[in-house]
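Below: one structure, written as structure tokens.
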Amino acid sequence: MKLAFSTLGVPGLPLPDVLRLASTHGYHGVELRTHPEEPVHPGLGPAERTDVAAEFKSAGIELLGLAGYARVAAPGDDGPVIEEIRTLVDLAHDLGAPYVRVFPGADPEQTPQRADTIAARRLGTAAEYAADMGVRILLETHDSHRTAADAIRVLGLVGHRHVGSLWDVMHTWLGGEQPSESYAALAPFLGYVQVKDIASADDTTPLPLGAGVLPLADCVEVLSRHGWDGWLCWEYEKRWYEEAAPLDGLLGAGREHLSRLLNESA
């Protein structure tokens, strides 16, 4: 498995500094939070996109994916949501990223069946465009569909190889699933895995990997046992928790912790 981290942990940090952190601490890739307040976002022009791709290539770091904020099950018209996904897909294509992340984002007043139908319809439409661009759309286990069992209701309806899953291990755990259950459900769709750690279900302030309660060892073990060789991406939610320790001081120990788990599960 290859290791990456998300720029959610280093909000607003210029890309050269992000790539320097990855190189210094032994990470193979970076997931870019794609938002207007970040250096890389859909508003970049063609020359800027070319520069971003060149910076990754020069640094020898892979661009794992773009973490977007489209909410595919949200109420409202399909058009704006599909257009938001297409905009993300265009950016991913131009930068050479294989994946874009989307959220479920259903409204609590929607029935699960209605939310699933809306999400599947939009993803199915966007998938055709993503296929032409050579990009895969990943539905994250998050918010209204936090468990793998939730996510596969949508993915099963879509049935397109350019729509898959992003397994956020915190959300499946908060939803009451064991890692073996989550993997079994998501395996046919799995793009990559987001790892993190927290103190408890009631306190989701990000912690150094291994310092909290999330079953990271079990997650790595089940992935290894099934021969999965994709990406583990550390999503440290510093952007949402200002009081959390700076990520740059934790990256080295985090990479060592993940490497140790991989060795122990081999």
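The values are calculated or read from the model by the stated rules, or taken from the named source; none is laboratory data. Please read all numbers here as calculations on a predicted model, not as lab measurements. In this analysis, Cβ positions are derived from the backbone assuming ideal geometry, glycine residues included, and neighbour counts consider all displayed protein chains. Each accessible area value is taken on the protein alone, full model and side chains, heavy atoms only, with ligands, DNA and RNA left out. Shrake-Rupley method; radii C 1.70, N 1.55, O 1.52, S 1.80 Å.
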Go through the range 154-198 residue by residue and tally those that are among the β-branched types (Val, Ile, Thr) and open to solvent by 20 Å² or more (accessible area, probe 1.4 Å).
1
Out of all the residues in the range 230-248, which are in a strand (DSSP E or B) and open to solvent by less than 10 Å² (accessible area, probe 1.4 Å)?
Leu232, Cys233, Trp234
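Can you go through Arg49, Arg101 and tell me which one is within 29 Å of Gly124 (Cα to Cα), in contact with a Phe, Trp or Tyr (Cβ under 9 Å, 6 or more places away or on another chain) and among the basic types (Lys, Arg)?
The conditions single out Arg101.
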Using beta carbons and a limit of 7 Å, which pairs, at least six apart or on different chains, have the first residue in the range 15-43 and more than 16 Å from His93 (Cα to Cα) and part of a helix (DSSP H, G or I) and the second one of a type in the set (S, T, N, Q) and at pLDDT 95 or above?
Val18/Thr7
Would you mind telling me which numbered condition in (1) surrounded by fewer than 19 Cβ atoms within 10 Å (Cβ to Cβ); (2) under 16 Å from Leu155 (Cβ atoms); (3) touching a helix residue (DSSP H, G or I) at 6+ places or on another chain (Cβ under 8 Å) Ala106 fails?
(1)
Which one of these is of a type outside the set (Phe, Trp, Tyr), over 17 Å from the mean Cα position of the chain (by Cα), surrounded by 14 or more Cβ atoms within 10 Å (Cβ to Cβ) and at positive phi: Gly227, Gly210, Gly254?
Gly210
Report yes if Thr125 is touching a helix residue (DSSP H, G or I) at 6+ places or on another chain (Cβ under 9 Å), among the β-branched types (Val, Ile, Thr) and either without any contact (Cβ under 8 Å) to a residue 60 or more places away in the chain or open to solvent by less than 60 Å² (accessible area, probe 1.4 Å) (or both), otherwise no.
yes
Could you say whether any residue in the range 102-120 is of a type in the set (Lys, Arg) and either within 11 Å of Val163 (Cα to Cα) or in contact with a strand residue (DSSP E or B) (Cβ under 6 Å, 6 or more places away or on another chain) (or both)?
no
The one condition Gly210 fails out of (1) in contact with a Leu (Cβ under 8 Å, 6 or more places away or on another chain); (2) of a type in the set (Gly, Ala, Ser); (3) in a helix (DSSP H, G or I) is (3)
